[in-house]
Number of protein chains: 2
Amino acid sequence: MNPRVEAIPGSLIRQIAAKKRATSIDLGLGEPSLLPTPSHLDAAMAYVRAHGLRYTQNAGDPELRALIARYYRYPGMSEAENVCVTTGSQEAMYVVIKSLLNPATDELLVVEPAFQSYVKMAALEGLTVTTTVMRENDDFAFDAERILAGITPRTRAIVICSPCNPTGRSIPRAEAEKLVAGLRSRGGDPIWLLHDEIYREQSFIDDAAELGQLYDYTIVTNSLSKSNALTGLRLGWIIAPRREMDAMIKCHAWVTSCADTFAQAVAKSIFETPGAIREHAAWYSEARGTVMHALAASGLRALPIDGSFYACVQVPDGGLSLQAALNLIDDVDVVTIPGIAFGSSFEGWLRLSWVAGSEKSQAGISRIANHLLGHAKKQT
Amino acid sequence: MNPRVEAIPGSLIRQIAAKKRATSIDLGLGEPSLLPTPSHLDAAMAYVRAHGLRYTQNAGDPELRALIARYYRYPGMSEAENVCVTTGSQEAMYVVIKSLLNPATDELLVVEPAFQSYVKMAALEGLTVTTTVMRENDDFAFDAERILAGITPRTRAIVICSPCNPTGRSIPRAEAEKLVAGLRSRGGDPIWLLHDEIYREQSFIDDAAELGQLYDYTIVTNSLSKSNALTGLRLGWIIAPRREMDAMIKCHAWVTSCADTFAQAVAKSIFETPGAIREHAAWYSEARGTVMHALAASGLRALPIDGSFYACVQVPDGGLSLQAALNLIDDVDVVTIPGIAFGSSFEGWLRLSWVAGSEKSQAGISRIANHLLGHAKKQT
């Protein structure tokens, strides 16, 4: 067996999910509970009924690639040739990391707290990962200085998920400009920014940065999973400069060949329908309002929700996140994700998703507050 | 950039395909031209309309995994836990090669002629590949002795595509038993057989071996692409013993997360419908008959068609395959795939697919014969 594969530990998130009961309020979910808009599925069905399900080109249907490129219009990356359609944003990021970085010489810098997929992918490739941790005292806001300070002589790429899973923080434009200025002033080989934009359409602040607008050495990954409640469709993409894209398409071709033709037809319908990529945005905006209200009333320390569909609350009095999450399931039947699942930098925090609707979110937050704060009081 | 990715050459098959004209008889196709049966698509559509498109477990829908395991009933691998649903058989084989073999110590033995995906995937992983070549004088029949002779002290797995792309040969049961006996008698760490069964439902001989029936250290990959004309659905699977499966599921989880939920619903409909996995088998059997007749009448040297939907003919008088393929497009407007695309062992041969229907296949073979044999005569 390949020791790199065997060494990867199992998923803590899955361990927690396995404890869920039929009665549980599940705030552990990492995917929308909305249903996708049927018209996009119908359009895809009409296409495959007429044309069958043939392979597309490795990089995807050229028309879809052009639609995606033109929707985002990142400077220097706005043509079909700058897009590779992938099996969700998971394969997108995997192909980017695998193609861009040389395990013999390059390091990947991960901005933490972060979903652990980047670290796991890098481990699969034998790549060295370094991390730079945003400050808890600063509500884990993206901090250009700290990111720049994390760079080593071997750092070749920095991965940033903004809006962030788990923190819900987004890198503001001014901070992103500081980061880019710092990268530009370094000299030497450029360092890439890998922007995981998976929560882009769940963004609630005015000044969230799109790194692809600011910096030539940016590669963007995204998908329809969160924006259009299509996690199970596995349709994502990479947006990158041409030279790097050529290598990525080769890598993608031998890993999965091409993305699903039905899924690509769904994506075409979405990108051809004005506003469809944001068709769920209003729902999330309203749900966020409710959640923020519930959090403010709860007495818990919570992070600002710049974007994503997560809220994060602190376990009082230095309590450990895994124990707190297990207790919350056992004692008040609420599923949350312990911060430790996102790196040691997020120990002491819980991630709550609020995709299950306002009532469940409010009830869940209320139960969590009663339990955690009541428990904390009892201990004092 | 990762030099392993950059070093992989572009696809010769794609280069040839790019020369195709609107008028061409295309015998280069590597996918069915039949349409998929609509009822399976309808069943999947009904499912996703009702349930949305949520993630499945990383390894796939447990019911689908059980259906697949029970259809093949390979000893020791007939439970849901022995199956991982993947993004087509391409990701299946990629995950198998990546998970099973340690680039630091292990070699992959490829039985040639072979589709070059195995070699390219191994190159992506930094794995050393060795090859063992079947004999042209023997019509490239699978030869257990030659396969065993190709084993080195570092060989940990042997990949066999049977029925074979490109040759159309299948490993007969008696030959497979000789191979297995040879592997068993070696002692030391077992050597794995990786059986790419992608053309399993286009098998036309009675004694084609299923390696999973004969040998405990077999891992099988397959998909719906060829059997049900669903290349663009990207739905495949791995069948493997439990211990190895655990590592493969981890690898699959970080490469693509999980297979498409719509595609899994299509697969469920197929495996739940008696006979559906072989619903196109009669069409292929009939088409093969027509093609064999045309080949026999053509005067060309052709390989027996044990399985697959390819026929292979020899370029007369030691002609080179790439030049012959280019001439055939230019002079008689027929697209074929040069044997050199499948390794130097298949130089001098052309692969013709016969999925485009009897008329086109017959016309194409007739034009090829006139051109190649006419040309050969002129030269003498």
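Can you confirm whether B:Ser170 is touching a Ser or Thr at 6+ places or on another chain (Cβ under 9 Å), within 14 Å of chain A (Cβ to nearest Cβ), of a type outside the set (A, V, I, L, M) and under 25 Å from B:Gly30 (Cβ atoms)? No, not satisfied.
For the stretch B:83-125, residues that are more than 11 Å from chain A (Cβ to nearest Cβ), crowded, with 24+ Cβ neighbours inside 10 Å and not hydrophobic (A, V, I, L, M, F, W, C) total 1.
Going by the structure shown, is B:Gly60 in contact with a Pro (Cβ under 7 Å, 6 or more places away or on another chain), assigned to a loop (DSSP other than H, G, I, E, B), more than 8 Å from every other protein chain (Cβ to nearest Cβ) and at positive phi?
Judged against the criteria, B:Gly60 is not a match.
Selection within the stretch B:45-82: residues that are within 25 Å of the chain's Cα centre (by Cα) and of a type in the set (Asp, Glu). The member of this set that is surrounded by the fewest Cβ atoms within 10 Å (Cβ to Cβ) is B:Glu79.
A:Asp306 falls short of the stated requirement of being in contact (Cβ under 8 Å) with a residue 24 or more places away in the chain and more than 23 Å from A:Arg135 (Cα to Cα).
Inside the stretch B:2-45, residues that are within 28 Å of B:Ala282 (Cβ to Cβ), among the hydrophobic types (A, V, I, L, M, F, W, C), part of a helix (DSSP H, G or I) and within 11 Å of another protein chain (Cβ to nearest Cβ) make up a count of 3.
Taking every residue in the stretch A:245-267 that is at the interface with chain B (Cβ under 7 Å from one of its Cβ atoms) and farther than 18 Å from B:Gln264 by Cα and pairing it with any residue that is among the basic types (Lys, Arg) and surrounded by 23 or more Cβ atoms within 10 Å (Cβ to Cβ), at least 6 positions away or on another chain, the pairs with Cβ-Cβ distances below 7 Å are A:Cys251/A:Lys98.
Among the candidates B:Arg278, B:Arg234, B:Arg301, B:Arg242, the residue that is within 14 Å of another protein chain (Cβ to nearest Cβ) and surrounded by fewer than 24 Cβ atoms within 10 Å (Cβ to Cβ) is uniquely B:Arg242.
Taking B:Ser285 as the residue in question, decide whether it is over 19 Å from B:Thr86 (Cβ atoms), small (Gly, Ala, Ser) and within 15 Å of the chain's Cα centre (by Cα). Answer is no for this residue. Would you call B:Leu35 under 27 Å from A:Thr56 (Cα atoms) and surrounded by fewer than 24 Cβ atoms within 10 Å (Cβ to Cβ)? Criteria met by B:Leu35. Of everything in the stretch B:213-231 that is buried (at least 23 other Cβ atoms within 10 Å of the Cβ) and in contact with a Phe, Trp or Tyr (Cβ under 8 Å, 6 or more places away or on another chain), the residue that is farthest from the other protein chains (Cβ to nearest Cβ) is B:Val220. Does A:Arg288 count as within 14 Å of chain B (Cβ to nearest Cβ) and at pLDDT 95 or above? Here the answer is no, as A:Arg288 does not meet what is asked.
Taking into account only those residues within the stretch A:177-212 that are aliphatic (A, V, I, L, M), surrounded by 22 or more Cβ atoms within 10 Å (Cβ to Cβ) and not in a strand (DSSP E or B), which is farthest from the chain's Cα centre (by Cα)? If we take residues in the stretch A:177-212 being aliphatic (A, V, I, L, M), surrounded by 22 or more Cβ atoms within 10 Å (Cβ to Cβ) and not in a strand (DSSP E or B), then A:Leu179 is farthest from the chain's Cα centre (by Cα). Is it true that B:Ser344 is more than 23 Å from B:Ala296 (Cα to Cα) and in the same structural domain as B:Asp306 (by TED's automatic domain parsing)? Yes, satisfied.
The values are calculated or read from the model by the stated rules, or taken from the named source; none is laboratory data. Just so you know, these numbers come straight off a predicted model, no measurement behind them. Neighbour counts are summed over all protein chains in view; Cβ atoms, including those assigned to glycine, are modelled from backbone coordinates with ideal geometry.
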